[in-house]
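One structure is given below, encoded as structure tokens.
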Amino acid sequence: MFEQQKTSRIAVLMTCHNRRETTLSCLEALYEQELPENFFLEVYLVDDGSIDGTGEAVREKYSNIHVLQGDGSLYWCGGMRFAWTVAMKENYDAYLWLNDDTKLLPGAIKTILATKREVRLKKGRYGIIVGSCRDPETGKHTYGGRLKRNRYSRIADQPLLPDKRILPCDTMNGNIVLIPAEVCGKLGNLSPEFTHALGDIDYGMRACRAGVPIWIAPGYLGECKHNSKIRPWTNPEVSLTERWKNLCSPLGLPPRQWYVYTKRHFGWVWPFHFIKPLIRVLFPSPWTWKNR
């Protein structure tokens, strides 16, 4: 008799805020994906206080999606943590992070699942699988895996473009990321110290420290425009008060969260890295404030 193939369940984790059409477009591309046999997706979407009808539109079009309600204070990390906390109660085989401004390309899910299987078979252990994104208009690389400049570097700030084969990396952006249940059991959820940014990078850095490898799937799996490179907290054209307020906002670089991140990952040189944003707020330069 033939052995029946095990059913694999994957929870897709998403969070959104006031971009109804973008969110619906993301979900449409997700549900157009062709899945391998006996694989099933279940979506957990946090609507973080949207006032543009995003949550209602999703419920109306996709009655099978778990729409969780936030109050507008969760942002990316908080929303993803919320979705993941609820999903983990159902013991899925894997968890897929998916940004709502990311549109999956045809075959993306099959590729990322095939990469997960390849890593398990060839490397002998589970790892995090990252999907790379390109700009929908220019085709240029936008998000995906990140590398340290060299083995002595503390910062993984170099984008790693995908290849035809799987590639190892040091951490990742959170646009398209597959976390197998075995990895989730070891690392847990996103760190509660982070509100919006840094949580995805921190998770990858924690994974490497725990001996969990991170691999980039072959080719581009999604399209997503790059967020603005402008950092208002380094803009010399605004007052110091406004620069400080922007730095401390969830969309800036809150000093407490930056402190946690630098102390956790930068070793004995962490005070040097921690103070750099504070210096840039106090002494902004016209030629640096639009840098990434």
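The values are calculated or read from the model by the stated rules, or taken from the named source; none is laboratory data. Computed from a predicted structure; not experimentally measured. Glycine also receives a Cβ, built like all others from the backbone with ideal geometry; neighbour counts cover every protein chain displayed. Heavy atoms of the whole protein, side chains included, go into the accessibility calculation; ligands, DNA and RNA do not. Shrake-Rupley method; radii C 1.70, N 1.55, O 1.52, S 1.80 Å.
Results, tabulated for the structure shown:
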read-out: Three-way shape call for segment 144-292 based on the alpha-carbon gyration tensor, with the a/c threshold at 1.5; value: prolate
read-out: Sequence-separation-based contact order of the chain, relative, with Cα cut under 8 Å and 6+ spacing, percent; value: 18 percent
read-out: Coil-residue trypsin sites (Lys or Arg not before Pro) of segment 13-103, DSSP, other Cβ within 10 Å capped at 12; value: K89
read-out: Size of charge dipole - segment 183-270 - debye, nearest 20, with Cβ of Lys, Arg +1 and Asp, Glu -1, no other charges; value: 220 debye
read-out: Under the Karplus curve 6.51 cos²θ - 1.76 cosθ + 1.60, θ = phi - 60°, whole-Hz ³J(HN,Hα) for segment 36-47, x wherever Gly or Pro sits; value: x, 4, 6, 10, 9, 10, 9, 9, 10, 10, 8, 8
read-out: When each of K116/K164; K148/K263; K116/K263; K103/K148 is checked by Cα-Cα distance, pairs over 25 Å; value: K116/K263; K103/K148
read-out: All-pairs Cα distance distribution in the chain, expressed in whole percent, bin size 5 Å; value: 1, 5, 11, 15, 18, 18, 14, 9, 5, 2, 1, 0, 0, 0, 0
read-out: Apportionment of accessible area to carbon and sulfur, segment 1-115, percent (1.4 Å); value: 50 percent
read-out: Cysteines, the chain, no other Cys beta-carbon under 4.7 Å; value: C16, C26, C77, C169, C184, C208, C248
read-out: Segment 94-229 shape via C-alpha gyration tensor axes, a/c threshold 1.5; value: rounded
read-out: Per-pair calculated FRET efficiency, R0 = 22 Å: F266 and A210 via Cβ, rounded to 0.05; value: 0.80
read-out: Segment 215-284 - percent of accessible surface contributed by carbon and sulfur, probe 1.4 Å; value: 65 percent
read-out: Value of relative contact order over segment 126-234, rounded to a whole percent, pairs C-alpha under 8 Å and six or more apart; value: 40 percent
read-out: In degrees, nearest ten, helix 199-209 long axis to first principal axis of the chain (Cα); value: 70 degrees
read-out: Loop-resident sites, segment 203-273, for GluC sites (Glu not before Pro), counting at most 12 other Cβ within 10 Å (DSSP); value: E237
read-out: Debye equation applied to the C-alpha atoms of segment 53-107, log10 I(q)/I(0) at 0.20, 0.21, 0.26 Å⁻¹; value: -0.97, -1.06, -1.35
read-out: Förster radius 35 Å - calculated FRET efficiency between K245 and D52 (Cβ-Cβ, nearest 0.05); value: 0.85
read-out: Sparsely packed GluC sites (Glu not before Pro) within segment 118-194, loop by DSSP, other Cβ within 10 Å at most 11; value: E137
read-out: Angle between the chain longest axis and helix 108-123 axis [Cα atoms, degrees, rounded to 10]; value: 90 degrees
read-out: Within the chain, helix-based [θ] at 222 nm, where runs of 4 or more DSSP H residues each add -39,500 (n - 2.57), nearest 500; value: -10500 deg cm²/dmol
read-out: Residue-by-residue Karplus 3J(HN,Hα) for segment 215-227, coefficients 6.51, -1.76, 1.60, Hz, glycine and proline x; value: 10, 8, 5, x, x, 8, 10, x, 10, 7, 5, 6, 5
read-out: Global geometry of segment 102-169, whether rounded, prolate or oblate, following the gyration tensor of its Cα atoms and the 1.5 cut on a/c; value: oblate
read-out: Segment S63-S153, length gained on full extension (0.36 nm per residue, minus Cα span); value: 27.7 nm
read-out: Unit charges on C-beta of K, R, D, E only; dipole of segment 14-116, Debye; value: 240 debye
read-out: Simple Cβ-charge dipole of the chain, Lys/Arg +1 and Asp/Glu -1, about Cα centre, in debye nearest 20; value: 1640 debye
read-out: Candidates L161, L253, L278, ranked by Gaussian network fluctuation over the chain, Cα under 10 Å, top entry; value: L278
read-out: Å² per residue, accessible surface of the chain at 1.4 Å; value: 52 Å²
read-out: Proximal lysines relative to K89, as straight alpha-carbon distance under 21 Å, when same-chain residues fewer than 8 apart are discounted; value: K6, K186
read-out: Placed amide H near G70: partners under 5 Å, 5+ positions off or other chain; value: D47, D48, G49
